[in-house]
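Here is the structure we will look at.
The values are calculated or read from the model by the stated rules, or taken from the named source; none is laboratory data. Being a predicted model, the structure only gives us computed values, none of them experimental. Reconstructed Cβ throughout: ideal geometry from the backbone, glycine too, with neighbour counts over all protein chains shown.
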Amino acid sequence: MKKRLIWMFLMFLALWAVPGLAADKEIDKETGFVIAPGFEEVKKTCTVCHSPMLVTQNKANREGWLEMIRWMQEKQGLWKLEPELENTILDYLAANYGPTAVYRRAPLQVEFPE
């Protein structure tokens, strides 16, 4: 019972803290995306294949987002993006969905055998 209460408290904190991170930003009601430069391009490109929630639940720097795009191109059939469009998308994602201090779970510790 004690573990369940702790878990519920932590979930409450997460739900309370995460929306506060974007409190000063305008959010699109349809997608949940932050409305900022590049928003329309991301909406038109990314939601063709998947839910906007798949974008908003992820966090990465520009290089991390580029790796995800390359993976989608290699493994999921995403078409090659024009360089200008790709840069606009990467700028938007890195600026609005970059790494934060709040995670869904703590990062895993990787240990390599010697």
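Data for the structure
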quantity	calculated
Flag if Lys59 is basic (Lys, Arg), farther than 11 Å from Tyr92 by Cα and at pLDDT 95 or above	no
Pick from region 18-38, criterion assigned to a loop (DSSP other than H, G, I, E, B) and modelled with pLDDT under 90, ranking: surrounded by the most Cβ atoms within 10 Å (Cβ to Cβ)	Ala22
Matching residues, region 47-60, being out of contact with any Gly (no Cβ under 6 Å at 6 or more places or on another chain) and within 14 Å of Tyr97 (Cα to Cα)	Met53, Leu54, Val55, Gln57, Asn58, Lys59, Ala60
Near pairs, Cβ below 8 angstrom, 6+ apart or cross-chain, from region 55-79 (on the phi < 0 side of the Ramachandran plot) to any residue that is charged (D, E, K, R) and at pLDDT below 95	Gln57/Arg104
Failed item in (1) at pLDDT 95 or above; (2) more than 27 Å from Glu26 (Cβ to Cβ); (3) under 18 Å from the mean Cα position of the chain (by Cα); (4) not aliphatic (A, V, I, L, M), with Pro107 passing the rest	(1)
Residue tally, condition surrounded by 13 or more Cβ atoms within 10 Å (Cβ to Cβ) and more than 16 Å from Gly38 (Cβ to Cβ), over region 63-94	4
Selection count where residues are of a type outside the set (Phe, Trp, Tyr), more than 12 Å from the chain's Cα centre (by Cα) and in a loop (DSSP other than H, G, I, E, B), scope region 52-96	6
